[in-house]
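Shown next, in structure tokens, is the structure this report addresses.
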Amino acid sequence: MSDRILGAACLVAGAGMAWAAHDYAAPISYEPVGPRAFPLLLAGLMALAGGWLIARPGPQGFGSGREHFKSIGLVMAAVIAYAALFETLGFPFATAMMALPIGMAFGGSWKQSLAGGVAMGLALYLMFDKLLDVVLPTGLLSFILGGR
Amino acid sequence: MDTLHFLLGGFAVALTPENLMVAAIGAFIGTIVGMLPGLGPINGVAILMPLAFALKLPPETALILLAAVYMGCEYGGRISSILLNVPGDAGAIMTALDGHPMAKSGLAGVALSISAWSSFIGALIATIGIVLFAPLLARWALAFGPAEYFALMCFAFACITGLMGDAPVKAALAAVIGLSLSTVGLDSNSGVYRFTGGNVHLSDGIQFIVVVIGVFSVSEILLMLEQHHASTGLIHISGRKLFNLKELVLTLPGTLRSAVVGFVVGVLPGAGATIASAMTYSMEKRLAGADGRFGEGDVRGVTAPEAANNASAAGSFVPMLTLGVPGSGTTAVMVGALSLYNITPGPALFTQNPALVWGLIASLFIANVMLLVINIPMVGVFSKVLQLPNWALVPGILAVSAVGVFSVHATTFDLMLMSGLGIAGYLLRKHGMPMAPLILGFVLGDLMEQNLRRALSITNGELGILVESPISIGLWIGAVAMVVVPPLMRLRAQRIPAATAT
């Protein structure tokens, strides 16, 4: 069942790639093979593999893990929120906020996760930004830590 | 003699204080990453690669760090195999079969020390193998033209899909996805922007770091949610810490055999530590015959796979360094790391940048000695790390990954792309799709297209050039064999028991 969904997704992706790539052309061409051939070849292979999966889906479906749907959704949301707010909130604050839901999804209590996150956010910030010279955004805490 | 001269030059690079320190740090981190169930060499290398770049390490130092991490992971995997009965990485699956029974019977210290020793021998022999064979292969590969390179890359893909086992179509699909991701951005030959959707952030392509971190760090975190490994079963090391002479003599022949097999398997693209350790385990089991107690705690069942997985890790550097075509996911990540420095690995590297190549080889020797030294006395310290709870570990992994991605371009866009690729990677992995071909495709995509276009430019579009030289013909035949033979073998293996049953 789910192999068929994957196969259908591949067919759609292959068609989309072919549609996007069909008018790629070099304004002035020096070589026989232009920018279009390789993407079209890949689109064809993608569709071929998709067709195969639809015609001959494997026995196993999505596999185990249905019971984890809730925590997986939570962690996915936390990852996306972390990425989106990394710059605005700043590294130390965003990291603490991210560690709370993810730590709890991995079995920590909220106190442990929050304390761990705050410590981690500050320690990693000091290590990378101050010690190792990897510049990180400070966001909301810029009034204390400087930077932006 | 030339080789010896270059090797000495390599040691001069590897023995600088900075590189020595980096190798030690890499070995230490690698052991820990390898030990943690769920995290393997590819995750370790993927997470550290952007940091090496962000810290502005010179290319040879960065490569030494990543290589030490890789070697360290192969050492570390055995610790959790033995103490927890949960392999720390895929190469250490076989080690658990006899290592854990040994630990349960009070021989944890012996199992750990002798497996460290055989890991050392395995990596040492394989590194000597690199010194002997890599320059020869590189000299031969200098004759490769674009058509041969194109065929070689197709061969590498055929190997990695054919050997990936149960789902070759999905492995091939993963490679196609990787190749497609690599076409995003400006096509340097024609000035055409491909698949960017008008987005400025995509105009110079998807950053390699973003793909690697997304696929091997973010998706790994999601997968870890499902494997609730209980660290409660951790066995405390007690009794004798070191193996004795009798055990050493008993295991040495098997260790040496397994090291050689592991090296050869490691050199082949696609095959790797997992296959090497499984092969040598069953080989030693058969050779031991009736007097073996394999599965119940035979020392030889610990040493053989450990020698093999370390040897194959070192062996996998050969195709990467000499041909520029990595044969495994981990070395593919290293090629990507070098491309951040605008270095394209390949046969020319041996003559153009000997400091890099030989510095790396020399540091493999040094990192190996360091690993032996830290792994025997400090194994108790490492086993403490296994008690680190996931609620503290996982946010740490995500934070360090995000720092790595952010350090490249400092854009939120890259972080969002990382999350998206991570979630997509997770869904694909849940469908049984391996990620190593994807990363190989992403790394090789540009090279593959360029070589195809260059080859066809020579003949003005005539496809015949792709199968003109004996080398390319051989590679194409090999590629077809790699795709066709394993399914046939499986079919036969299924038929034979069926036939004997009736």
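Here is the figure for region B:142-191: residues that are more than 10 Å from every other protein chain (Cβ to nearest Cβ) and charged (D, E, K, R) total 1. Among the residues of region A:117-148, those that are part of a loop (DSSP other than H, G, I, E, B) and within 12 Å of chain B (Cβ to nearest Cβ) comprise A:LEU132, A:ASP133, A:VAL134, A:VAL135, A:LEU136, A:PRO137, A:GLY147, A:ARG148.
Can you go through B:VAL394, B:VAL333 and tell me which one is within 14 Å of chain A (Cβ to nearest Cβ) and assigned to a helix (DSSP H, G or I)?
Going through B:VAL394, B:VAL333 in turn, just one is within 14 Å of chain A (Cβ to nearest Cβ) and assigned to a helix (DSSP H, G or I): B:VAL394.
Hey, does region B:68-75 have a residue that's over 15 Å from B:GLU306 (Cα atoms) and either surrounded by fewer than 24 Cβ atoms within 10 Å (Cβ to Cβ) or at pLDDT 90 or above (or both)? Within region B:68-75, one or more residues are over 15 Å from B:GLU306 (Cα atoms) and either surrounded by fewer than 24 Cβ atoms within 10 Å (Cβ to Cβ) or at pLDDT 90 or above (or both). Exactly one residue among A:ALA78, A:ALA13, A:ALA55, A:ALA37 is out of contact with any Pro (no Cβ under 8 Å at 6 or more places or on another chain), at pLDDT 90 or above and aliphatic (A, V, I, L, M), and that residue is A:ALA13. Taking region A:17-59 as the range and being part of a loop (DSSP other than H, G, I, E, B), more than 7 Å from chain B (Cβ to nearest Cβ) and surrounded by 16 or more Cβ atoms within 10 Å (Cβ to Cβ) as the test, the residues that pass are A:ARG36, A:PRO57. Selection within region A:1-15: residues that are more than 11 Å from every other protein chain (Cβ to nearest Cβ) and either surrounded by 17 or more Cβ atoms within 10 Å (Cβ to Cβ) or within 21 Å of the chain's Cα centre (by Cα) (or both). The member of this set that is farthest from A:ALA55 (Cα to Cα) is A:VAL12.
When each of B:ALA455, B:ALA479 is tested for being assigned to a helix (DSSP H, G or I), farther than 19 Å from B:THR161 by Cβ, of a type outside the set (Asp, Glu) and in contact (Cβ under 8 Å) with a residue 24 or more places away in the chain, the lone residue that passes is B:ALA455. In this structure, is B:LEU51 among the aliphatic types (A, V, I, L, M), part of a helix (DSSP H, G or I), modelled with pLDDT of 90 or more and farther than 23 Å from B:LEU386 by Cα? So B:LEU51 does not fit the description; no.
When region B:412-428 is filtered for residues that are buried (at least 19 other Cβ atoms within 10 Å of the Cβ), within 23 Å of B:LEU55 (Cα to Cα) and more than 7 Å from every other protein chain (Cβ to nearest Cβ), the ones remaining, listed by number, are B:ASP414, B:LEU417. Taken together, the criteria exclude A:ALA83 from residues that are out of contact with any Leu (no Cβ under 8 Å at 6 or more places or on another chain) and either modelled with pLDDT of 90 or more or assigned to a helix (DSSP H, G or I) (or both). Quick one: would you say B:GLY289 is modelled with pLDDT under 90 and crowded, with 19+ Cβ neighbours inside 10 Å? Judged against the criteria, B:GLY289 is not a match. When region B:243-274 is filtered for residues that are in a loop (DSSP other than H, G, I, E, B) and under 26 Å from B:ALA479 (Cα atoms), the ones remaining, listed by number, are B:LEU268, B:PRO269, B:GLY270, B:ALA271, B:GLY272.
On the basis of being hydrophobic (A, V, I, L, M, F, W, C) and on the phi > 0 side of the Ramachandran plot, does B:ALA481 make the cut? Taking the combined requirement at face value, the residue does not satisfy it. Just one of the listed residues (B:HIS431, B:HIS409) is at the interface with chain A (Cβ under 9 Å from one of its Cβ atoms) and either in contact with a strand residue (DSSP E or B) (Cβ under 6 Å, 6 or more places away or on another chain) or touching a residue at least 60 places away in the same chain (Cβ under 8 Å) (or both), and it is B:HIS431.
The rows are residues; the columns are (1) crowded, with 22+ Cβ neighbours inside 10 Å; (2) modelled with pLDDT of 90 or more; (3) not basic (Lys, Arg).
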site: B:ALA171; (1), (2), (3): yes, no, yes
site: B:SER182; (1), (2), (3): yes, yes, yes
site: B:SER188; (1), (2), (3): no, no, yes
site: B:GLY198; (1), (2), (3): no, no, yes
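For region B:327-345, taking the residues that are in contact with a Phe, Trp or Tyr (Cβ under 9 Å, 6 or more places away or on another chain) and surrounded by 21 or more Cβ atoms within 10 Å (Cβ to Cβ), the one that is modelled with the lowest pLDDT is identified as B:GLY329.
Within region A:95-102, identify whether any single residue is crowded, with 21+ Cβ neighbours inside 10 Å and either modelled with pLDDT under 90 or of a type in the set (Phe, Trp, Tyr) (or both), and answer yes or no. No: region A:95-102 contains no residue that is crowded, with 21+ Cβ neighbours inside 10 Å and either modelled with pLDDT under 90 or of a type in the set (Phe, Trp, Tyr) (or both).
Condition first: modelled with pLDDT of 90 or more, outside any helix (DSSP H, G or I) and surrounded by 24 or more Cβ atoms within 10 Å (Cβ to Cβ). Can you find one or more residues in region B:299-312 that meet it? Yes: one or more hits.
Comparison of B:ALA498, B:ALA493 shows that the only residue that is more than 13 Å from every other protein chain (Cβ to nearest Cβ), modelled with pLDDT under 85 and over 18 Å from B:PRO168 (Cα atoms) is B:ALA498.
The values are calculated or read from the model by the stated rules, or taken from the named source; none is laboratory data. Quick caveat, the model's predicted, so the values are computed rather than measured. Cβ: placed from backbone, ideal geometry, glycine included. Neighbour counts: every protein chain shown.
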